[in-house]
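The values are calculated or read from the model by the stated rules, or taken from the named source; none is laboratory data. Since this is a predicted model, take the numbers as computed values, not measurements. As a convention, Cβ positions derive from the backbone with ideal geometry for all residues, glycine included, and neighbour counts pool all protein chains shown. Remember, those area values only see protein heavy atoms, side chains included, never the ligands or the DNA or RNA. Shrake-Rupley method; radii C 1.70, N 1.55, O 1.52, S 1.80 Å.
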Amino acid sequence: MKAWLKFSPRIVNKHVISDLIKTYDVTFNILRADITPKGGKMLIEISGSEAEEGIKYMEKEGIQLNPIKKVVKKDEDKCVDCGECVSLCPVEAIKIDENWTVLLDDQKCIGCGFCTSSCPTKAIKIAY
Amino acid sequence: MLCHSHDNTFINYTKAPVVKKVKTIEEINQKIKDGDAVVITAGEMTRIVQENGAGKAAKEVDVVTTGTFGAMCSSGAFFNFGHSDPPIKMSRTYLNGVEAYSGVAAVDAYIGAAQPHHNPDIGFDYGGAHVLEDLVRGNEVELVAEAFGTDCYPRTEVNTFISLENLNQAVMVNPRNCYQNYAVATNSTEETLYTYMGTLLPQMGNVSYSSAGELSPLLNDPYFQTIGVGTQIFLCGGRGYIMGQGTQHATDGERKNGVPTESAGTLMLQGDLKKMDSNYLRGATMPKYGPTLYVGAGIPIPILNEEIAQRTGISDHEISCKIYDYGVPRRDRPIIQETNYHELKTGKITIDGNEVQTSPLSSFKKALEIAEELKTWIEKGEFLLTNPVKSIPNKGCTVNPLEIRRPSIMVKDIKIKPVITVKAEEAISGVARKMVDNNINHLPVVDHPGRLMGIVTSWDIAHAVAKGSKKLTEVMTKKVIVAMEDDPVEVIARRIDKHEISGMPIVDRENLVKGMITAEDISRLMCSQNNKEGDSQ
């Protein structure tokens, strides 16, 4: 599961994530992180046999967790299927299908934002 | 551009291309009117010629439709705004904050697609191309104009809103569209580059290309046998016309299978903006490069004989192109390797044994839509083919470079202070002493043969002392921005500005340190040049 974690300024100094990994059987991948003393957010992917318990633990410790289905959103009206983004994706989450339509694979996307800043028609946005 | 065609006098017109005709355009038009014409897209034609041969295809097929939808900076439109009361002779004109050229009659102006917004905070994000898209979408656009004021045109300013429907004329005129083949781009440097070919990742991390390949109009008629001055075309959802050869039209470069292997022929196009559709015209921004317009163009090719059928049967396999290193910011960029559109369209290509992803930049989906749309127009009898009024040259045209009277000064031409370097194993204290003795802030770190390993600044040394680091290799910056001896000084000035640094080591091809070039050296050079110019006047 992918989710945005929101950290309030109150908990940025707590080592919630390392405690989580020590205590529960979870696989944890940090895709994006932007945390300052004023709080911040982190995009993570979490799985494993105790993922459910792990999530409950994070919420108990004060992290607001918003599960996401889409990491990036493509505006189909703006997109002209030029394919500029395809070769820029570090995880090959963007593909051109047999009809030359540009497709984004949310399962693979890590939300790096490289495609959003490079899109000539500004058709791709990070979904918060 | 030089075109040694035979129309040096007004009497000796170049004749329309001589082609052995099996069918005439008039006969094809009659079939179109009768609803009997066989019209197919260039992609379908490729398959038909492969399966049945060109002879059979020439008998069966009447028209092949082509299409392209790519970023074409050399585009724009003329407007006539109408006269205000009292009237104005506009000398500066802005549409939604983007300047249009108004050095023509009182209320005429030309907006170029690549013109950025006059407010630097908006800049590249909204340019001439976006104004064109807004107008075509039916949106109101703010018109601001300034004038000197004359006896016949007393008004000195205008601030109002216009829309496409209340403009007297809005005519798209594109000086250079539909490039016949184009360069393919990659980047060998250590940094990401932002170019008109899109974002290019370091160390040849990606490849971008921009031709529609076998669908592209001028690759289907590579010798301009049917496409000429006056040819009616599909332009951005409306009808357009070919005005003639485009700027930078070139005919004499290398060809393989009859088609150029690099940028060659171009077209100047015009069409009524009022009839266009935003589905086939889009404002865009190449990041950190500027605004550009995605233009949709489709050209019908009458299949008059077997040779024309053969040429429209060209496949992506047969269209070669070259990958250039855009990491070299010079007019002549080094060629990395040759490829073809079949390989590029697979999405991956191998360079130096590494698999690299490719990006098309132009939309094949839209190009196909355009070829299909044009096919439908012709099938319905709504669009007839035209005989060219005059042919477009297919030989004798070359693109000449701009020779600058005062050529670029190269790094090696600058008087540079003797090079001071430090060896990687030198003690921090020794390095500090070297900086103080020589009154410098940067020192290149080299290995024993003198090859560049890194660079240290006085700040790095202060850091090392504060943290108790003993080793130079721990505190030096390993990723160094460098200058080559044959880099023009303008390129170095841009590099210094872009990376916000004060100077960089000069290295040769073996990475041996030859000296340092600093912002001071460049300012000194500019001062001495200005003084020289002052003396000569």
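Could we say that B:Ile323 is closer than 18 Å to B:Val184 by Cβ, aliphatic (A, V, I, L, M) and without any contact (Cβ under 8 Å) to a residue 24 or more places away in the chain here? It is false that B:Ile323 is closer than 18 Å to B:Val184 by Cβ, aliphatic (A, V, I, L, M) and without any contact (Cβ under 8 Å) to a residue 24 or more places away in the chain.
For segment B:373-402, the tally of residues that are free of Cβ contacts under 8 Å to residues at least 40 places away in the same chain and assigned to a helix (DSSP H, G or I) stands at 1.
Residues that are within 9 Å of chain B (Cβ to nearest Cβ) and surrounded by 15 or more Cβ atoms within 10 Å (Cβ to Cβ) were ranked within segment A:95-116; the one that is modelled with the lowest pLDDT is A:Phe114.
Every test in (1) under 28 Å from B:Leu193 (Cα atoms); (2) touching a strand residue (DSSP E or B) at 6+ places or on another chain (Cβ under 8 Å); (3) modelled with pLDDT under 90 is passed by B:Met526 save one, and that test is (2).
Taken over segment A:24-71, the criterion of being small (Gly, Ala, Ser) and in contact with a Gly (Cβ under 9 Å, 6 or more places away or on another chain) is satisfied by A:Ala33, A:Gly48, A:Gly54.
When we screen B:Ile314, B:Ile301, B:Ile308 for residues that are over 15 Å from the mean Cα position of the chain (by Cα) and in a loop (DSSP other than H, G, I, E, B), the only hit is B:Ile314. Only helices (runs of 4 or more DSSP H) whose full extent lies in segment B:430-537 are considered here, and the ones with at least 1 residues that are touching a residue at least 60 places away in the same chain (Cβ under 8 Å) are B:489-499, B:519-536. Evaluating B:Arg331 against the criteria (1) part of a loop (DSSP other than H, G, I, E, B); (2) in contact with a helix residue (DSSP H, G or I) (Cβ under 8 Å, 6 or more places away or on another chain); (3) under 27 Å from B:Ala114 (Cβ atoms) leaves one unmet condition, (2).
Tell me, please, whether a residue that is within 14 Å of chain A (Cβ to nearest Cβ) and surrounded by 19 or more Cβ atoms within 10 Å (Cβ to Cβ) can be found in segment B:370-388. Among the residues of segment B:370-388, at least one is within 14 Å of chain A (Cβ to nearest Cβ) and surrounded by 19 or more Cβ atoms within 10 Å (Cβ to Cβ), which makes the answer yes. Tell me, please, whether a residue that is open to solvent by 40 Å² or more (accessible area, probe 1.4 Å), without any contact (Cβ under 8 Å) to a residue 60 or more places away in the chain, not assigned by TED's automatic domain parsing to the domain that holds B:Thr285 and not in a loop (DSSP other than H, G, I, E, B) can be found in segment B:239-260. There is no residue in segment B:239-260 that is open to solvent by 40 Å² or more (accessible area, probe 1.4 Å), without any contact (Cβ under 8 Å) to a residue 60 or more places away in the chain, not assigned by TED's automatic domain parsing to the domain that holds B:Thr285 and not in a loop (DSSP other than H, G, I, E, B). For B:Ala185, the conditions (1) open to solvent by less than 60 Å² (accessible area, probe 1.4 Å); (2) within 22 Å of B:Gly238 (Cα to Cα) all hold with the exception of (2). Which of the following residues is in contact with a Leu (Cβ under 9 Å, 6 or more places away or on another chain) and closer than 30 Å to B:Glu26 by Cβ: B:Ile420, B:Ile392, B:Ile428? From the options B:Ile420, B:Ile392, B:Ile428, the qualifying one is B:Ile392. Here A:Met58 passes the criteria (1) assigned to a helix (DSSP H, G or I); (2) open to solvent by 20 Å² or more (accessible area, probe 1.4 Å) except the one numbered (2).
Taking segment B:478-537 as the range and being open to solvent by less than 20 Å² (accessible area, probe 1.4 Å), closer than 16 Å to B:Gly454 by Cβ and not aliphatic (A, V, I, L, M) as the test, the residues that pass are B:Gly503, B:Pro505.
For the residues A:Val26, A:Val72, the requirement of being more than 9 Å from chain B (Cβ to nearest Cβ), under 25 Å from B:Tyr209 (Cβ atoms), under 20 Å from the mean Cα position of the chain (by Cα) and among the hydrophobic types (A, V, I, L, M, F, W, C) singles out A:Val72. Here B:Thr285 fulfils each of the conditions (1) over 28 Å from B:Lys375 (Cα atoms); (2) assigned to a strand (DSSP E or B); (3) out of contact with any Lys or Arg (no Cβ under 9 Å at 6 or more places or on another chain) apart from (3). Annotation note: of B:Asp134, B:Asp85, B:Asp151, the sole residue that is acidic (Asp, Glu) and buried (at least 16 other Cβ atoms within 10 Å of the Cβ) is B:Asp134. Any residue at all in segment B:354-361 that is within 14 Å of another protein chain (Cβ to nearest Cβ) and among the hydroxyl-bearing types (Ser, Thr, Tyr)? The answer is yes; a qualifying residue exists. Determine whether B:Thr350 is open to solvent by less than 10 Å² (accessible area, probe 1.4 Å) and of a type in the set (S, T, N, Q). Judged against the criteria, B:Thr350 is not a match.
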